[in-house]
Amino acid sequence: MEMAPVEDRNGTMNNTPKITAKGFATGGGEGERIWFVADTLTLKATAASTDRSFTVVECLTTPRGGPPPHVHTREDEFWYVLDGTFEIHIGDKVHAVGPGGFAFGPRGTPHHFRNTAATPSRILLGFTPGGIEGFFRESGQPATNDGPAPSVDAAEIARMAAAAPKYGIERLAADD
């Protein structure tokens with residue numbers, strides 16, 4: 001990734017890394033699908049497609065579903081609720097977020113989310129820089145059909161425990 005200060009049309013200097021990847025689009029229903037922590041992830045943008053700038057994942061989450069509390073030491077994360085309602089825990093604060101709502105958690109901050117709706121709901125996850133999809137691939141399993149993701153089992157927990165240090169992820173004790 002190239003770092004070059006550029007002046008915008010207002011004369012402000014911007015030191016944001018320049019993305020050297022080419023533009024792309026991922027259609028609805030498109031993207032690699034992974035079953036992870038009883039949810040279905042669809043990779044919409046990956047480190048490979050964004051020159052490692054960011055990763056975007058659509059997550060279909062079961063009622064009361066979501067990942068366990070954890071910390072990313074390498075990525076900032078954002079959440080954008082597509083449908084349903086979610087509790088998003090960031091540090092010691094809990095945010096009730098509905099459709100069109102947004103939340104952000106900087107790297108190093110404990111966080112997790114839960115689907116509080118009575119039906120499966122979708123949330124868009126974003127990570128910067130990109131690359132965390134490797135953790136999802138190593139910990140989860142390819143989604144082989146359109147049915148719900150299988151429950152978390154001992155094998156998935158072992159895969160997560162093995163992959164987490166490689167991706168700078170620290171699992172925390174559950175708080176709810």
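If you take the residues of the stretch 134-161 that are out of contact with any helix residue (DSSP H, G or I) (no Cβ under 8 Å at 6 or more places or on another chain) and open to solvent by less than 30 Å² (accessible area, probe 1.4 Å), which of them is nearest to Ala48 (Cα to Cα)?
Filtering the stretch 134-161 for residues that are out of contact with any helix residue (DSSP H, G or I) (no Cβ under 8 Å at 6 or more places or on another chain) and open to solvent by less than 30 Å² (accessible area, probe 1.4 Å), the one nearest to Ala48 (Cα to Cα) comes out as Phe136.
Quick check on my filter: what residues within the stretch 74-108 are open to solvent by less than 30 Å² (accessible area, probe 1.4 Å) and either among the aliphatic types (A, V, I, L, M) or assigned to a loop (DSSP other than H, G, I, E, B) (or both)?
Glu75, Val81, Gly84, Ile88, Ile90, Val97, Gly98, Gly101, Ala103
Counting just the residues of the stretch 41-73 that are farther than 13 Å from Leu125 by Cβ and of a type in the set (Gly, Ala, Ser), which one comes out most open to solvent (accessible area, probe 1.4 Å)?
Ala48
From the residues in the stretch 162-176 that are modelled with pLDDT of 95 or more and either of a type in the set (A, V, I, L, M, F, W, C) or open to solvent by 80 Å² or more (accessible area, probe 1.4 Å) (or both), which one is nearest to the chain's Cα centre (by Cα)?
Per the criteria, the residue is Ile169.
Quick one: in the stretch 38-73, of everything that is at pLDDT below 95 and of a type in the set (D, E, K, R), which residue is nearest to Ala155 (Cα to Cα)?
Arg52
In the stretch 114-133, is there at least one residue being closer than 21 Å to Leu43 by Cα, at pLDDT 95 or above, surrounded by 20 or more Cβ atoms within 10 Å (Cβ to Cβ) and touching a Gly at 6+ places or on another chain (Cβ under 6 Å)?
Yes, because at least one residue in the stretch 114-133 is closer than 21 Å to Leu43 by Cα, at pLDDT 95 or above, surrounded by 20 or more Cβ atoms within 10 Å (Cβ to Cβ) and touching a Gly at 6+ places or on another chain (Cβ under 6 Å).
Looking at the stretch 28-40, is at least one residue under 29 Å from Gly91 (Cβ atoms) and open to solvent by 40 Å² or more (accessible area, probe 1.4 Å)?
no
Residues are listed down the side, and each one gets a yes or a no for (1) in contact (Cβ under 8 Å) with a residue 12 or more places away in the chain; (2) hydrophobic (A, V, I, L, M, F, W, C):
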residue	(1), (2)
Val94	no, yes
Gly108	yes, no
Ala117	yes, yes
Leu125	yes, yes
Pro142	yes, no
Asn145	no, no
Ala154	no, yes
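Residues Thr109, Thr85, Thr128, Thr119: which one is within 13 Å of the chain's Cα centre (by Cα) and among the polar types (S, T, N, Q)?
One residue alone meets the criteria, Thr128.
The values are calculated or read from the model by the stated rules, or taken from the named source; none is laboratory data. These numbers come from a predicted model, not from an experiment. Every residue, glycine among them, receives a Cβ derived from its backbone with ideal geometry; neighbour counts consider all protein chains shown. To get the accessible areas, we keep the full protein, side chains included, count just its heavy atoms, and leave off ligands, DNA and RNA. Shrake-Rupley method; radii C 1.70, N 1.55, O 1.52, S 1.80 Å.
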